[in-house]
1. For the range 45-60, how many residues meet the condition of being closer than 16 Å to Gly20 by Cβ and out of contact with any Asp or Glu (no Cβ under 8 Å at 6 or more places or on another chain)?
2. Working only within the range 22-64, note down all residues that are within 20 Å of Gln12 (Cβ to Cβ) and of a type in the set (D, E, K, R).
3. Give me the pairs: first residue in the range 40-57 and under 9 Å from Leu73 (Cβ atoms), second residue of a type outside the set (Phe, Trp, Tyr) and not in a strand (DSSP E or B), beta-carbon distance under 7 Å, and six or more apart or on different chains, which are they?
4. Take Arg37 and tell me if it is basic (Lys, Arg) and part of a loop (DSSP other than H, G, I, E, B).
5. Looking at the structure I just gave you, is Ser36 more than 13 Å from the chain's Cα centre (by Cα) and hydroxyl-bearing (Ser, Thr, Tyr)?
6. Going by the conditions given, is Ala49 modelled with pLDDT under 95 and in contact with a helix residue (DSSP H, G or I) (Cβ under 9 Å, 6 or more places away or on another chain)?
7. Any chance you could count how many residues in the range 13-71 are of a type in the set (S, T, N, Q), in contact with a strand residue (DSSP E or B) (Cβ under 8 Å, 6 or more places away or on another chain) and surrounded by fewer than 13 Cβ atoms within 10 Å (Cβ to Cβ)?
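The values are calculated or read from the model by the stated rules, or taken from the named source; none is laboratory data. If you're wondering where the values come from, they're calculated on a predicted model, not measured in any experiment. Note that each Cβ is placed from the backbone with ideal geometry, even for glycine, and that neighbours are counted across all protein chains shown.
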Amino acid sequence: MSRAFVKEEGEQLWLHEVAGTISALQVYLTRENGGSRVTEVKAFFDPAAKKEVHVMSNGLSYTKDEEGKWYVL
């Protein structure tokens with residue numbers, strides 16, 4: 001079970017603490033967006049960055065670092 005789902009309800013969860021799956025990212029972003037669902041719009045491989053990029057419906061793009069932790073591009 002991911003740490004994202006065992007934290008106390010009142011505790012702040014940071015983006016880099018979210019499990020490295022799209023579904024975990026969507027749950028986190030939906031929660032951060034006041035409950036309005038955030039979904040993946042498209043995904044593509046960025047050859048310059050050598051990373052998979054996920055464009056989300058909140059208007060931001062996300063990718064993972066070398067440790068598999070999410071961050072905003």
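1. Residues meeting the conditions: 1.
2. Listed by number, the residues that qualify are Arg31, Glu32.
3. Hits for this filter: Val53/Leu73.
4. yes
5. yes
6. No.
7. Count: 1.
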